[in-house]
Each structure stands twice: as C-alpha cells, then as structure tokens.
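Any read-out appearing in this document is the output of simple, stated calculations on the displayed coordinates, not a laboratory observation. What you see is a predicted model, and the numbers here were worked out from it, not measured in a lab. Cβ coordinates were reconstructed from backbone atoms using ideal geometry, including for glycine residues, and neighbour counts include every protein chain displayed.
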Amino acid sequence: MEPFDWKTRYGQLIMSAREAMEQIKSGDSIFIGTGCGQPQHLVRALIEHGEHIYDAHIIHLLTMGEAPYASERFREKFKMNSFFIAENVRGAFEQGIGDYTPIFLSDIPRQFESGRIPLEVALISVTPPDVNGLCSLGVSVDIVKSAAANARLVIAQVNPSMPRTLGNSFIHVNSIDAMVPYDEPIITVEPLASSDVLRRIGRNLGRLIEDGSTIECGIGRIPQAMAEFLHDKKDLGVHTEMFGDWIIELIECGAVTCSKKTINHGKVVASFCMGSQTLYDYINNNPFFEFHPTEYVNDPFIIAQHDKMVGINVGLEIDLTGQVCADSLGYKFYSGIGGQVDFIRGCARSRGGKPIIAMPSTAKDDTVSRIVPKLTDGAGVVTTRGDVHYVVTEYGIAYLHGKSIRERVLSLVNIAHPKFRKELIQAAKAQRYIQPDQIELEWDKVRYPSELERYDTLRDGTEIFFRPAKPTDDSALAEMLYSLSPTSVRRRYFTHTRTFPQKDVQKLTNIDYDQNLAIVGVVPGPEGEEEIVAIAQYFLDPKTMIAEVAFIVQDEWQDKGMGSLLLDYLTRIAKDRGVKSFYATVLPSNKAMLSIFYNSGYKINTEFDGDCYTITYELIKNHNAT
C-alpha cells in the first residue's frame, strides 16, 4: 500500500514558517503550545520573521523549550501572560517582564471559550494527518485543544517526530489554517536521580496507596522517587494531568493495570506528559494510554468518580494551621496553581480517596523549614486549611482534615525537620495554638525509631501495625483510654475510676525512645486514619538497666493474642538494647496478663505482697519456664 501523501492532499494549507508568521497581526493574543509539545520551530520563526509584530500578547501554560519572546530586548514586541511559571521564563518574571495569572487548570478552557481571555492565534504542534485528516496533539493535549478550538488563526507545526497519542487528542485539518511541516526532536526531560530525602518521602507515600487505587502525580521529582515503592502494589490505575518515565516501570512490573478503575476502565488517562525519548516511543500509538483535554482530566467531578483516588501534589511551604503555598516564594511567583486544587478537591470527594501534599521538610540545604509558623510575607494560599488532608515529608505523614489547630500543630511538628521542631512548638505556644504546658523534647537528639515499625497478625487473622508512639498520638490514645471498661482501668491503674487529661496523656506520647519506650498497636479507623487499640511501655532505670513494663489492650481487642505479641516484641527490643530484666506489677484478678507472662518462654519469678504480684524475669530465653 502506498504511504498516505498528506502534503499533496492538503497542499493548500501548507506554507513555510515565514509565510505563517506574516498572518499574525500587531496586538494579537498568541497562544503557544504546552510543555514538551511546544512548537519550537514556530517559536523561533515568531522571533525571526515577526518584524511587523508589536504589542502581541503571548499566552501559555508551561513551556519547556526556549522562550526568546521573554527577553528584555523584545519587551515592546511581546507581552507575556503565563498560567504557570516554568524555569525558562522564571528569570524574566524576576525582572518584571510578563504577567502571571493564578487560576485552577480546569478553569482555563472556559476562559478561552467565553472570550475572557481572547485568543487570535494558536501555535501548536501536531503529528502528520492520517487518511481521515486527523492530527494528534501528541504529548500535550491539556489546554492546547481548547486554545486551538477558540483561536481565529491556528498555525500547526507538523512534526513526524511527535508521538501519536490516542483518546480525545485529535484535531482535524479543517480546524487548522496553516500547516508548517518541520521535523525536529520533541523536547525531552530526563528523569533525575532520587536523593535519600525524596526516597523517604516516596516510601511514606507508598504506605498511603492501597491496591486498586487510582493515582495522580503532579510535576517534579517526587513521583519518580515514589515509583520504586509501588512495585508490589496490585491493580493500580492512573488518572493524572501529567506523567513522566516513572509510569513505564510501574506498568512493566505489573503494578499499574487500570483494571480496577471506576471510569476509563483499562486506560491510563492524562492530558500531557514530559519525559525521555523512551517514554515517547512507549506511548506512541499505544491504546493503553488515552490523552484528554484539561477540562475533562482536571474536572473535580470526573476525578471524584474514581474510587480510592489518590492525588499527590507538591507544596513550597505550609503553615501550622495547614495553609499550603505552592506557587510563590514570598512575593516572588515561582510556579503556578496548576491542577493542585482540582485534584485535592476531586480526591476528597472520591470514595476512599486521599488528597496528599508532599514536600521535603526543608529547603536551601536544610537551612529553611518548609513547615512554618506563618506563611512568608507575600506567599499565597493555594490549598486552604479547609481543603488540606494528608501532608507528607521524609519524616512521616500528617493527617489534618477535620483536626483542631492544636492537633494540626502537633502533627506538622512531628513531620518537620527535628532541628526546627522546638522553635515551631514555641511559636505555636506564642500564638496560643497549643497549651503552654505542651512538652518540648530535645528533638535534635530524639530520633523517631522508624526501624521499630512492623506488621504482625493476631490469632483471628487480623493484621496489626506496631510502631513507636508519637507526640501526635495523644488524642487517639486518650480516646482509647476513655473507652476502657472499669475492669480494664482497674487492672492497669489499680483504681476503679481514672481521668486521662491531655497534660498526662502527652507524657505517654512525648518520649525519648530510649529510657522511655512505648509501642502502640494501630488499625485503620472508619475514615482510614490510624486507631490505637493497644500500648506497651517500658520505663528504664539507666543505672541498673532494669525496666518496668506495662500493657493496655482495648477491651474488644483482648483475647486475640495482642498482649503476647506486644510483650514478645518489647522484650526483643529491650534485649537488643542491653536491658537486663523486666518487672511488672499485676493484680491477682488479671488472669490474662499473668498468663501472658507465664507463657512468654522466659523464666518468671513471682512475689506476692498480699495485694498484687510482682513479676520479674531476666531477658534470657529459657524454654523450661516455670
């Protein structure tokens, strides 16, 4: 079969870049195609052959190629308006060249359609047309399709190197006014190596993503770092405004199948991508991928229709109340709102959804905290304190939605860099966000021992997560303590009634993890949050290396083997740390706890003083226990 000769069929539309530029008038609003789909040849021609153009308005979202129109010497010829400030124009904005329009990505197409942002010209990049006259917009569909539909003049660089992407990604030649054939490599963005900090963030994100979830990842290095921690997941889907090379490894390892997606079943859905040539070859004519315009992909209503929708977006800083700045560094605009709020709100309305803000805890080589008492002067709020749900740093996960200011402060301090935690607590006290008696640890010396986190299985098959207690556990622990029956309270505290005020409970959760160690058993709560159902503690005398041990298990979780698992695990931790022996005080009526000690596999010594037993044992295994 003869190859399709599109140049002959559509010869009346074909012209050189110079001829195409002659059709642009002074004062026109000129849209430039997005991301790695930027029509580089047309952009160069706009400068080289635009001698007759003055006071033109350049409009774009995010472009990855050169931006010569942003130069000081073209200030009188081109006025720039950007919805997102990329690296190629950031310097120009710092010099006061151009305007920034903060807007939700999902709202931009309506601005074009309504004429509030008028477009006279659209410079786009497409594949050669097929026999039906359809050209694919390739790696960037996003707002390009809407721009082309609403511009008076559409000039398309027809580039055979552009991957042919499928979905709602086509424009017919009848909608193109000038076709400029020019073959050049598509702009590539090579994956960057992950740092230890990013990998730790990726690991924490991986903990939040369940099998069968549909994920969205914003721009940056965090998605690439996260990918390696999703390899063991099953049946993940993807519905995202953009993706990079990370998606290949997740498809190839079988983690991403899209088989459990609620809508667009069996398809990866995106509006644009940025990556290596390997990625572009991978998506070319690949029916597993569907590219759709922004008004579909970023519509919170569409996003919310996915069950277990997980949106991962980045922030620049967050204050202690949960306000997230993502587009500026103080008064200096740095990036853009993009699709962050679209996905935060869409995921929040998804059944089982998780909206996530991820960021390193510090900037500028650990000299600046990204978790701050108040946002930097001039910083704008992108995600409000009412919208924020999960916040993730390399130090852990904070869940803020529906939480009080005090709870938010403690959660965010807990995932801040240790060197900044004391000043954050002190600032929160000064602002009366927390009580004056809130315990302050020497956080630069106290390290949360994440290596002690582990999963185990109870006798009835329930999976339980054991981890060291955190300062943020005080409310959840108080809730568990108040739920105890009078019998359980008496067995633990030797009294029939007891109150658990915050000033006392925080002593159980603000610990040094050395002389005072507490391990909690947690299960998922009704909204996916952690619910504490047990706590085991030891209090060490460093002089004798002898520790007192105590346990509490919530009534409904008793008689499932929880106490035995906690005692065994706490004993192993203490033994590894050089603790010589444990002792505990147990009431005679507490038959279950006595049984746990006697069946522990250690040689138990027992003394009775007429009221209670004192149990002691050396931390040396002896399977002939008495």
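Couple of notes before you dig in:
- Between the helical axis of 418-430 and the longest alpha-carbon principal axis of the chain there is an angle of about 80 degrees.
- Those GluC sites (Glu not before Pro) in region 525-626 that DSSP places in a loop and that have at most 15 other beta carbons within 10 Å: E527, E529
- Part-to-part distance (alpha-carbon centres) for region 430-460 and region 135-206, which is given in Å: 45
- Gyration tensor (Cα) of region 140-286, equivalent ellipsoid semi-axes in angstrom: 32, 17, 13
- Percentage, to the nearest whole number, of Cα pairs in region 188-253 over 20 Å apart: 18
- Multiplying the residue separation of H496 and D568 by 0.36 nm and subtracting their alpha-carbon distance yields 23.1 nm.
- Size check on region 1-150: the Cα extents along the three principal axes, sorted descending, read 56, 35, 27 Å.
- Paramagnetic label reach from D444 (point 7 Å along Cα→Cβ; backbone nitrogen cut-off under 17 Å): within region 414-432, residues 416-427.
- Value of D in µm² per second that Stokes-Einstein yields for region 441-587, Kirkwood Rh from Cα pairs, at 25 °C (0.890 mPa s): 155
- Loop-located chymotrypsin sites (Phe, Trp or Tyr not before Pro) in region 544-626 (DSSP state not H, G, I, E or B) with no more than 11 neighbouring Cβ atoms inside 10 Å do not occur.
- Using alpha-carbon coordinates, inclination of helix 405-414 to the longest axis of the chain, degrees: 90
- Share of alpha-carbon pairs per 5 Å distance bin for region 290-333, given as whole %: 5, 16, 16, 18, 16, 18, 9, 3
- Cα gyration tensor, region 332-371 - rounded (a/c under 1.5), prolate or oblate: oblate
- Sparse packing (at most 16 other Cβ atoms within 10 Å of the Cβ) combined with a DSSP loop state is found for the following trypsin sites (Lys or Arg not before Pro) in region 95-204: R116, R152.
- Spin-label proximity, R459 to region 541-584 - amide N less than 12 Å from point 7 Å beyond Cα toward beta carbon: 558-565
- Over 19 Å [Cα-Cα, region 322-440], rounded percent: 48
- Pairwise FRET efficiency - A592 versus K507, Cβ, R0 = 30 Å, nearest 0.05: 0.70
- Think of each Lys and Arg Cβ as +1 and each Asp and Glu Cβ as -1; about the Cα centre, that makes the dipole of the chain roughly 1380 debye.
- Largest first and in whole Å, the equivalent-ellipsoid semi-axes of region 393-510 read 27, 20, 13, each the square root of five times a Cα gyration tensor eigenvalue.
- Too-long pairs where the Cα-Cα distance tops 23 Å, listed order kept, from K503/K575; K403/K560; K332/K403; K145/K267; K543/K575: K503/K575; K403/K560; K332/K403
- Percent RCO, i.e. relative contact order, over region 479-572, from Cα pairs under 8 Å lying at least 6 residues apart: 23
- Anisotropy class of region 196-430 from Cα gyration tensor, a/c 1.5 cut: prolate
- Listed by chain and number, the lysines whose C-alpha is less than 24 Å from the C-alpha of K77, apart from same-chain residues fewer than 8 away, are K25.
- Dipole axis of the chain (+1 Lys, Arg; -1 Asp, Glu on Cβ), positive-most option in T393, L477, C217: L477
- Taking Lys and Arg as +1 and Asp and Glu as -1, the other residues whose beta-carbon sits under 15 Å from that of Y280 total -4.
- Taking 1.002 mPa s as the viscosity and 20 °C as the temperature, the Stokes-Einstein diffusion coefficient of the chain based on its alpha-carbon Kirkwood radius rounds to 78 µm²/s.
- Cα gyration tensor shape for region 64-191, rounded if a/c is under 1.5, else prolate or oblate: prolate
- Within straight-line cross-link reach of K261, lysines at Cα separation under 24 Å, skipping those fewer than 8 residues along the same chain: K233, K234, K308, K354
- The chain, relative contact order [Cα under 8 Å, separation at least 6], %: 8
- Cα long-axis angle, helix 196-208 against the chain (0 to 90 degrees, to the nearest 10): 80
- Here's the list of lysines a cross-link from K445 could span, going by alpha-carbon distance under 18 Å and ignoring same-chain residues fewer than 8 apart: K419, K422, K470, K507.
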